[in-house]
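S.K.: Sending over a structure as structure tokens; questions will come in a sec.
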Amino acid sequence: MEAAAGAWGARFAHVYRRSEGLRGFVLLSPTMAIMLVALAAPMALLALYSFWSQDGYALNTQPTLAQYATSLGRSTYRALFYRSIAISALVTLVTVALAYPMAYFVAFRVERAKFVWLILLTIPFWTSYLLRVFAWKVILGYNGVINSGLMSLGLIHQPLEFLLYNPTAVVVTLAHAWAAFAILPIYVSLEKIDRSLLDAAADLGDGPLRRFLRITLPLSLPGVVGAAVLIFVPTTGDYVTPALVGGADGTMIANVIEVQFDKIGNWPLGAALAMASMAAVGVITLLFVTAVRAAAARIR
């Protein structure tokens with residue numbers, strides 16, 4: 001018995017030394033175990049609730065698809081989900097479009113003190129997410145910074161009411177809140193580009209725009225895709241920003257899920273809405289990544 005255990009241990013040690021993937025998996029296994037328990041257990045409970053139903057104050061544990069039928073069949077829920085997808089897609093587009101030039105500048109133009117620039121890019125994260133949202137509420141509010149400034153300059157006589165409590169306010173606030181999540185992965189992709197490729201393209205007669213379109217942009221797409229996914233997925237389920245600056249027109253699907261869990265007490269319907277939203281976001285993200293990879297392959 002001991003001889004068999006020793007032989008198995010020696011075989012594992014031999015494979016461990018030769019396999020870089022196995023060494024990496026062993027190093028990550030404690031973190032993966034914690035994440036598995038912390039993520040899998042709540043997800044399993046959420047999935048279980050989505051197949052139950054609420055009968056008054058009692059929870060009916062008889063399996064049913066009624067909550068999914070309600071989630072997918074009710075037009076108000078579909079409209080809120082479409083709005084959430086549209087707002088998150090716009091936030092992703094705006095954030096990546098604004099983050100790319102900043103990341104490009106730091107990667108290609110800054111030669112000294114890049115570390116300082118990276119620290120400066122993380123300044124928005126030095127305050128809490130809630131404070132950043134409240135800051136935009138102060139800026140865009142009826143008596144906020146923008147309205148007060150325009151009125152003091154004599155450009156308007158009445159405060160502008162359309163600045164706050166609408167989808168645009170949600171997009172602006174989320175784009176600012178998640179900007180650093182877009183800049184950093186794009187910067188890493190740009191920083192890893194072999195500069196000799198750009199020099200070779202220049203020697204062959206390519207101008208700056210052609211070098212960017214043929215070399216820089218395709219090689220930085222992994223960072224762009226990563227940034228887009230990092231922004232799109234969490235903002236689709238964002239609850240705080242729509243609740244504080246969105247108003248009735250800026251309400252998103254996460255606000256309805258919160259109402260089902262917290263105020264109405266229909267946990268099965270809230271769980272079904274959450275599961276359906278996650279599945280839809282996963283499919284959309286997969287289609288997006290596939291489309292970008294296909295487009296990148298055609299560019300090359």
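S.K.: Report Rg (one decimal) and Dmax (nearest whole number) for region 184-251, counting Cα atoms only, units Å.
M.R.: Computed over the Cα atoms of region 184-251, radius of gyration and Dmax are 18.4, 57 Å.
S.K.: Apply the Karplus curve 6.51 cos²θ - 1.76 cosθ + 1.60, θ = phi - 60°, to the phi angles in region 33-40 and return the couplings in whole Hz, x for Gly and Pro.
M.R.: Those phi angles translate into 5, 5, 5, 5, 5, 6, 9, 5 Hz.
S.K.: Using the Kirkwood formula over every pair of different C-alpha atoms, what hydrodynamic radius in Å results for the chain?
M.R.: 23.2 Å
S.K.: Moving on. Taking region 44-126 as the region of interest, what is the percent of Cα-Cα pairs per 10 angstrom bin, listed from the shortest bin to the one with the maximum distance?
M.R.: Cα pair-distance distribution for region 44-126, in percent: 13, 23, 19, 16, 17, 10, 2.
S.K.: Which distance in Å, rounded to a whole number, links the C-alpha centroids of region 67-103 and region 20-50?
M.R.: 27 Å
S.K.: Over the Cα atoms of region 224-277, compute the convex hull volume and normalise it per residue, giving Å³.
M.R.: Each residue corresponds to 87 Å³ of Cα convex hull volume.
S.K.: Compute the distance in nm between two label points, each set 7 Å from the Cα along the Cα-to-Cβ direction, one at Glu20 and one at Phe212.
M.R.: 3.5 nm
S.K.: Please compute, for the alpha-carbon atoms of region 170-300, the extent along each of the three principal axes and give them in descending order in Å.
M.R.: So the three principal-axis extents are 67, 27, 23 Å.
S.K.: Using per-residue counts of other Cβ atoms within 10 Å, averaged over each peptide, order 51-62, 224-235, 34-45 from highest down.
M.R.: The densest-packed peptide leads the list: 224-235, 51-62, 34-45.
S.K.: How about Lys192: which lysines have a C-alpha closer than 21 Å to its C-alpha, ignoring those fewer than 8 places off in the same chain?
M.R.: Hits, sequence-local ones excluded: Lys114.
S.K.: Tell me which residues come under 5 Å, amide H to amide H, from Asn60 once H is placed; ignore anything under 5 positions away on its chain.
M.R.: HN-HN under 5 Å from Asn60: Ser53, Gln54, Asp55.
S.K.: For the residue pair Ala280 and Tyr239, what label-to-label distance in nm results when each label sits 7 Å from Cα along the Cα-to-beta-carbon direction?
M.R.: It is 1.8 nm.
S.K.: Once Rh for region 255-294 is found with the Kirkwood sum over Cα pairs, what is the Stokes-Einstein diffusion coefficient at 37 °C and 0.692 mPa s, in µm²/s?
M.R.: The estimated diffusion coefficient comes to 291 µm²/s.
S.K.: Over the alpha-carbon set of region 73-229, divide Rg by the Kirkwood Rh and report the Rg/Rh ratio to two decimals.
M.R.: 1.09
All of the numbers you see were taken from the coordinates with simple rules; none came from a lab. What you are looking at is a predicted structure, and each value in this text was computed from that prediction instead of being measured. A quick note on method: Cβ atoms are made from the backbone with ideal geometry, for glycine too, and the neighbour counts reach across all protein chains shown.
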